[in-house]
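So the structure is just underneath, and the comments pick up after that.
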């Protein structure tokens, strides 16, 4: 048999490989992921006894016993998928073993790998092998845990956005606009940028946002179309702002309802409302003032545009 002590950390694994007599065959620090697990398999193949040469691969893998202080994660799944016997060693058990068998009791990554190899070589009967769940159950577990990590990371990312956005001098102006919370406001500021010379007029900002329609005339006919060559990230943020503002701004609600009353569709009406908000934002940024509901909508009845197809 071969015995592997695997001391894992966030981005790497310290490995010690021993034979049945406790002789150290190899030590290595392997990276997390496919490269690391591939190198581990290569170490096993390099140090496998000659008598294993004629054995089927599954029997060879079954002679490899791994001790590791976790029972979860892609690495453990890969070890089990390879056919190795994997034992989850409680960290407290490893610490007690180290204290009993080490003169100093000092902790190190390489030393921990040695302790884990010794535990599964000499004392594995007192520890539990990781349960042999079905491939489907393992897949569900991996996906569920990946989802949990993604949710946690999303929360951390929102906190990072909030922290950086709050430092920007225009943050209060953006947050004063109806329909904007921190994330949408930050997305919009990031896509517009803060170069004061980039948008000389509100029309220039509206055109960049993609919310203002294009009018095409041919003879006596004219057609109003939505813009399609646009910054889609910015357009999505502004569309969400317009929708959220329907419940936050009476002026926005009245403006939207007046457009819909002309038999214009929901999304086209939101585009017009978003276009209006871009103009309001531009004015606030130019003058350095916060949004004011009365100022923003006192002339809204004369500003409703034709629908964009």
- line: Only unsatisfied item for residue 93, checking (1) at pLDDT below 85; (2) touching a strand residue (DSSP E or B) at 6+ places or on another chain (Cβ under 7 Å), is (2)
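Here's the yes/no breakdown for (1) outside the structural domain of residue 272 (by TED's automatic domain parsing); (2) surrounded by fewer than 17 Cβ atoms within 10 Å (Cβ to Cβ); (3) at pLDDT 90 or above; (4) assigned to a helix (DSSP H, G or I):
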{"position": "180", "(1), (2), (3), (4)": "no, no, yes, no"}
{"position": "185", "(1), (2), (3), (4)": "no, no, yes, yes"}
{"position": "189", "(1), (2), (3), (4)": "no, no, yes, yes"}
{"position": "197", "(1), (2), (3), (4)": "no, yes, yes, no"}
{"position": "205", "(1), (2), (3), (4)": "no, no, yes, yes"}
{"position": "217", "(1), (2), (3), (4)": "no, yes, no, no"}
{"position": "228", "(1), (2), (3), (4)": "no, yes, no, no"}
{"position": "235", "(1), (2), (3), (4)": "no, no, yes, yes"}
{"position": "241", "(1), (2), (3), (4)": "no, no, yes, yes"}
task: Name every residue in region 280-298 that is surrounded by fewer than 19 Cβ atoms within 10 Å (Cβ to Cβ) and either more than 19 Å from residue 192 (Cα to Cα) or at pLDDT below 95 (or both), in order of residue number.
output: 292, 293, 294, 295, 298
query: Of all residues in region 11-32 being in contact (Cβ under 8 Å) with a residue 12 or more places away in the chain and assigned to a loop (DSSP other than H, G, I, E, B), which is nearest to residue 125 (Cα to Cα)?
result: 20
message: Is it the case, given these coordinates, that residue 80 is surrounded by 14 or more Cβ atoms within 10 Å (Cβ to Cβ), touching a strand residue (DSSP E or B) at 6+ places or on another chain (Cβ under 6 Å) and more than 25 Å from residue 128 (Cβ to Cβ)?
response: no
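Per-residue answers, yes or no, for (1) in the same structural domain as residue 78 (by TED's automatic domain parsing); (2) under 20 Å from residue 70 (Cβ atoms); (3) surrounded by 13 or more Cβ atoms within 10 Å (Cβ to Cβ); (4) modelled with pLDDT under 90:
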| position | (1), (2), (3), (4) |
| --- | --- |
| 21 | yes, no, no, no |
| 49 | yes, no, yes, yes |
| 52 | yes, no, yes, yes |
| 56 | yes, no, no, yes |
message: For region 48-80, give me each residue that is closer than 24 Å to residue 125 by Cβ and part of a helix (DSSP H, G or I).
response: 52, 58, 59, 60, 61, 62, 76, 79, 80
- request: Among the numbered conditions (1) modelled with pLDDT of 90 or more; (2) within 23 Å of residue 276 (Cβ to Cβ), tell me where residue 209 comes up short.
  value: (1)
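The values are calculated or read from the model by the stated rules, or taken from the named source; none is laboratory data. Fair warning: this is a prediction, and the values are worked out from it, not measured in the lab. Positions of Cβ are backbone-derived with ideal geometry, glycine not excepted, and every protein chain shown enters the neighbour counts.
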